[in-house]
Every structure is written in structure tokens, then in C-alpha cells.
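Read through the structure below, which is laid out as C-alpha cells, and then see the notes.
Laboratory data are not the source of any read-out in this text; all were calculated from the coordinates shown. Owing to the predicted nature of the structure, the values given are computational and were not obtained by experimental measurement. Here the Cβ positions follow ideal geometry from the backbone for every residue, glycine too, while neighbour counts run over all protein chains shown.
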Amino acid sequence: MGAMSAEASRPFDSIESAHEFVELLEESIEEAVRDVKQHLQEAASDKDERRAEALNLAIYKMTQLSSHVQKSRRVLNDLRTIRRLLFNEREGGA
């Protein structure tokens, strides 16, 4: 039974590390968006419309990715809360 309970707790073992990863990913996306916006300003001043279009598309896609990452972070927060509730319930019932 000990091995089974260890296996049951494994999905929760890495929530914190996944949460940290998602936070780092969010920061990287924000930095990339800033960089691409700078390139977009350069393209606009050079009147390079095709490049500006591609950069706008990249910003749009990174914004979509950022939204998905934020949602993932909220799900991880929910899972951490559920885990705390489960462990507190077990400790109280034991």
C-alpha cells in the first residue's frame, strides 16, 4: 500500500517545479514581445511593410501563447490548492 500511495502522490510532486517553469516561460514571452515590438518600430521607420506584417503576426501569436500560459499557471495554482485540501483532509481524518 505504501508504494501505491507514493505513486498516487507523484502527479503532485512536480506542481511547484511546473509552476516555476510556467512563470519563467511567461517572463520569456514578455521579453520576446518587447524585442519584437522594437523590431516592429524599426520596420515601420524603414517602411518595410512585409516585415512589419510578419512582426505583427509574431506579436499576435506570442500574445496567444502568453494567454495559454497564464491559464496553465492558474490551473497549476488550482491543483496546488486541491492538493493542500486533500492533504489537510487526510491529516485531519487520520
Handout entry: Reach of residue 71 by Cα under 28 Å, taken over lysines that are not fewer than 8 positions away in the same chain
Key = 37, 61
Fill in the blank from the handout: Ordering 38-45, 83-90 by per-residue average of other C-beta atoms within 10 angstrom, highest first, gives 38-45, 83-90
Practice task
Calculate, in nm to one decimal, what residue 27 and residue 41 gain on full extension: separation in residues at 0.36 nm each, minus their alpha carbon distance.
Solution key: 2.9 nm
Practice task
Restrict the search to region 30-63; then list the trypsin sites (Lys or Arg not before Pro) that DSSP places in a loop and that have at most 14 other Cβ atoms within 10 Å of their Cβ.
Solution key: 47
Exercise for the section: Please report, in debye to the nearest 20, how large the charge dipole of region 21-64 is about its Cα centre when each Lys and Arg carries +1 at its beta carbon and each Asp and Glu carries -1 there. Expected result: 240
Fill in the blank from the handout: In vacuo Debye sum over C-alpha of region 32-71, base-10 log of normalised intensity I(q)/I(0) at q = 0.19, 0.32, 0.34 Å⁻¹, listed in q order, is -0.51, -0.99, -1.06
